[in-house]
Amino acid sequence: MKQHFLMEGVELVAVGEASLKEAQKRITGCAACSASASRSFQWLLGQVLGNTGMTEYFLSCSVQCPKCGTEVFENTRIDFDGKAKAALEEFTYFDVRDESQDVIFIDEPTLLQAQDFICACEHCSDRAEIPFDQLLDAMTGYDPATTEYVICHAAKCGTCRHDVMEKTLVVPR
Ligand SMILES: [Zn+2]
Ligand SMILES: [Zn+2]
């Protein structure tokens, strides 16, 4: 059971006992017992109750951390179940790569150097069968198995001047 009040554009929600118990079940640790506690209890309430935006909560009864018994308030930092999933949903723009992968940024001088090795590309030659990033592997000496490249801008094919991106097939000199 929730009660709603409107105060200066901020929705104030009194969270009833049933909802608090529901939210409390998802707490796996708090600031007092977990170093990875990174979200406020209020944020978790937002997730559990499905509210977004300008919502403030106040607790109608006390909530304890199930792990250490410390009382949890609206702004107490907590750890919770489904953390990875919730974080993923919130940060859809966040680039989640395999942590074993190195991402190497190719700057202008390196790119121009690599561009000199492009004899032709998939747009102008049937013989293009090596992705441009393999050329970068050879140039930079990084391990192809664990390295991804991000180039500062498209390289140009020496023959047809077409854009060459990381995965464009090329013919090396
Ligand atoms: Zn705790
Ligand atoms: Zn070309």
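The values are calculated or read from the model by the stated rules, or taken from the named source; none is laboratory data. Worth saying up front: this structure is predicted, and the values here are computed from it rather than measured. Ideal geometry is used to build each Cβ from the backbone, glycine not excepted, and the neighbour counts take in all protein chains shown.
Select from segment 39-81 the residues that are in contact with a Lys or Arg (Cβ under 9 Å, 6 or more places away or on another chain) and among the aromatic types (Phe, Trp, Tyr) and write down the one among them that is nearest to Gly16 (Cα to Cα).
If we take residues in segment 39-81 being in contact with a Lys or Arg (Cβ under 9 Å, 6 or more places away or on another chain) and among the aromatic types (Phe, Trp, Tyr), then Phe41 is nearest to Gly16 (Cα to Cα).
Can you say whether Ala145 is among the small types (Gly, Ala, Ser), at pLDDT 90 or above and over 30 Å from Phe41 (Cβ atoms), as far as the supplied structure shows?
The answer is no for Ala145.
Examine segment 81-99 for a residue that is within 16 Å of ligand 1 (Cβ to nearest atom) and at pLDDT below 90, and state whether such a residue exists. Even if it seems obvious, please write down each step before you answer.
Quick first cut of segment 81-99, residues within 16 Å of ligand 1 (Cβ to nearest atom) only: 81, 83.
In the following step, the residues that additionally are at pLDDT below 90 were identified as 81, 83.
Yes: segment 81-99 contains one or more residues that are within 16 Å of ligand 1 (Cβ to nearest atom) and at pLDDT below 90.
Can you confirm whether segment 13-25 contains a residue that is within 12 Å of ligand 1 (Cβ to nearest atom), at pLDDT 75 or above, surrounded by 14 or more Cβ atoms within 10 Å (Cβ to Cβ) and not acidic (Asp, Glu)?
Yes, segment 13-25 contains a residue that is within 12 Å of ligand 1 (Cβ to nearest atom), at pLDDT 75 or above, surrounded by 14 or more Cβ atoms within 10 Å (Cβ to Cβ) and not acidic (Asp, Glu).
Hey, among the residues in segment 128-143 that are at negative phi and surrounded by fewer than 12 Cβ atoms within 10 Å (Cβ to Cβ), which one's farthest from ligand 2 (Cβ to nearest atom)?
To start, the set of residues in segment 128-143 that are at negative phi comprises 128-140, 142-143.
Checking which are surrounded by fewer than 12 Cβ atoms within 10 Å (Cβ to Cβ) leaves us with 129, 143.
Values: Glu129: 13, Asp143: 28 Å.
Step by step, filter segment 128-143, then rank; the result is Asp143.
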